[in-house]
Amino acid sequence: MKLKLSKMKTITFQQAPTKHHIRFIILLSTLLLSINGLGQNVYWALWDEWANNDWQKSERTINTYDGSNHLTHSIAYQWITPPGVWQNALQIDNAYNPDGTLQQSVAQGWDTGTNTWVNAFRSTYTYNAAKKVLTNTSYLWLGSWVNNTMLTNTYDGSGYLTQTLNQSWNFTGPWKNTSKTDFFNNPSGTVNYSVTQTWNPSNVWVNSKRNTYTYTGANKVLTDTQENWNGSAWVNEIKLINDYNGAGFVTIALWQNWNGTTWVDNRRSLYSYNGSNNVTQEVNQVWEAPNWLNVSRVTFGYTLGTEDFSLGKLLVLYPNPSADIITIKTNESLDNTNYCITDQTGRLMQTGQLNPDITNIDISQYSSGLYFFRIDKNYKSSIKILKQ
């Protein structure tokens with residue numbers, strides 16, 4: 001397959017990153033950034049598809065974080081059969097502003113002809129004083145970065161989002177309107193309903209869809225009902241219904257379609273969590289009466305953290321898992337502090353002293369398995385290290 005990235009050059013891929021793969025990593029990166037904002041670092045994600053009455057490998061991502069727990073790099077692989085190997089597909093590198101907001105993301109596709117990464121698309125962001133996104137501009141690589149789309153957000157005096165405007169670039173400029181969504185908010189700041197309109201050839205905004213929301217007592221979305229504009233009235237189209245567990249996390253997201261008389265089941269996503277309320281798996285199914293049929297699933301793996309928060313306040317250890325070098329970034333002055341690494345039996349593997357701020361430790365000679373990092377500051381807690 002071929003993916004044309006430039007007017008001057010056609011890049012040949014073993015299996016080109018399709019819209020499905022690109023959508024997967026974009027959605028996954030958005031999710032990872034959201035999860036990361038809660039301090040829950042997702043180290044890997046595996047996407048399976050249901051075929052021949054079993055789960056079949058499809059895509060996977062491996063993620064890297066910096067010492068501030070910002071997601072800096074995601075690489076997506078696609079499963080190639082035959083011969084049954086993981087093939088590079090797409091990677092995204094994120095850069096951050098000093099205040100921790102996302103500055104830009106650059107995506108590259110894998111060129112199997114040269115075994116190199118080639119630019120594909122880029123997104124840049126601007127913010128208001130409250131660190132809310134003002135603009136998100138995307139670019140395509142056509143030998144140089146070329147404007148593609150721009151999203152502009154507007155907020156009211158309370159900081160609530162009131163409008164998103166989408167525009168596209170026609171290679172010569174200027175920006176052309178494509179669609180906009182106006183948000184009508186409740187006093188609590190939740191969205192009561194939103195109206196999306198498209199820009200028609202007569203340069204007039206015309207209705208497209210309307211979404212109306214209901215909420216739980218904790219202001220979590222309970223239902224999202226979408227209506228489409230038929231030219232004279234709003235008509236039911238799709239409804240999302242969320243179920244939550246006792247901790248307030250979504251366990252089932254159910255989508256229903258309007259058949260002209262009533263709502264009928266269409267598809268659903270089932271979510272599982274670990275003891276820390278981190279999402280561990282999402283299973284997507286479609287309704288084919290009388291059964292729910294599997295379509296795809298995403299399984300998430302989390303980095304190993306500290307066993308005791310007191311140690312976690314003093315330092316950060318990354319990447320984890322690691323195959324060779326681990327980095328220790330101290331949050332206090334711990335230079336010349338002794339450290340040790342032991343295996344699961346308590347056998348001493350390595351000792352040393354921490355440097356100011358950053359210490360790199362080579363564990364490449366360790367056998368694969370679980371190890372424990374400790375410092376000599378009367379802290380009995382440890383950080384688990386998974387050696388790949």
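Readers should treat all values here as calculations from the given coordinates under stated rules, not as data from a laboratory. Predicted, not measured: the structure shown is a model, and the values here were computed from it. Ideal geometry is used to build each Cβ from the backbone, glycine not excepted, and the neighbour counts take in all protein chains shown.
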Worksheet item: Once amide H atoms are built 1.01 Å from N in the peptide plane, which residues 5 or more positions from Ala323, or in another chain, come under 5 Å H to H?
Response: Gln388
Practice prompt. Kindly give Rg over Rh for region 40-302, based on alpha-carbon atoms, with the Kirkwood expression for the hydrodynamic radius.
Written response: 0.98
Practice prompt. Give a quick list of chymotrypsin sites (Phe, Trp or Tyr not before Pro) in region 81-183 that DSSP marks as loop, anything other than H, G, I, E or B, with at most 11 other Cβ atoms within 10 Å.
Written response: Phe171
Worksheet, complete the sentence: From the Cα centre of region 209-256 to that of region 63-139, the distance in Å is 30 Å
Discussion item. Please give the charge dipole size of region 40-302, origin at the Cα centre, charges +1 on K and R Cβ atoms and -1 on D and E Cβ atoms. Round to the nearest 20 debye.
Written reply: 400 debye
Worksheet item: How big is the charge dipole of region 316-367 about its Cα centre, in debye rounded to the nearest 20, if each Lys and Arg gets +1 on its Cβ and each Asp and Glu gets -1 on its Cβ?
Response: 120 debye
Fill in: Dimensions in Å of region 84-145 - Rg and Dmax from alpha carbons
14.7, 50
Fill in: Sparse-neighbourhood loop sites, trypsin sites (Lys or Arg not before Pro) in region 190-273 - DSSP loop, at most 13 other Cβ within 10 angstrom
Lys220
Worksheet item: Seen from all sides and averaged, what is the projected area of the convex hull of the Cα atoms in region 108-229, in nm²?
Response: 11.3 nm²
Fill in: Sparse-neighbour loop sites [trypsin sites (Lys or Arg not before Pro); region 89-192; at most 15 other C-beta within 10 Å; DSSP]
Lys131, Lys132
Discussion item. I need the phi-derived Karplus couplings for region 346-361: 6.51 cos²θ - 1.76 cosθ + 1.60, θ = phi - 60°, integer Hz, Gly and Pro marked x.
Written reply: x, 5, 6, 9, 6, 9, x, 10, 6, 8, x, 6, 10, 10, 9, 10
Worksheet entry | Above-threshold pairs, the threshold being 24 Å between Cα atoms, out of Lys176/Lys220; Lys132/Lys329; Lys132/Lys220; Lys131/Lys176; Lys131/Lys209; Lys329/Lys384 | Lys176/Lys220; Lys132/Lys329; Lys131/Lys176; Lys131/Lys209
Worksheet item: When the dipole is taken about the Cα centre of region 180-241, and only Lys, Arg (+1) and Asp, Glu (-1) are charged at their Cβ, what size is it in debye, to the nearest 20?
Response: 60 debye
Discussion item. Spelling out what I want: for every residue of region 209-224, take phi, set θ = phi - 60°, compute 6.51 cos²θ - 1.76 cosθ + 1.60 (Karplus), and round to whole Hz; glycine and proline get x.
Written reply: 8, 9, 10, 10, 10, 10, 9, 7, x, 9, 6, 9, 4, 9, 9, 9
Worksheet item: Over region 218-297, what is the relative contact order in whole percent, taking alpha-carbon pairs under 8 Å and six or more residues apart?
Response: 16 percent
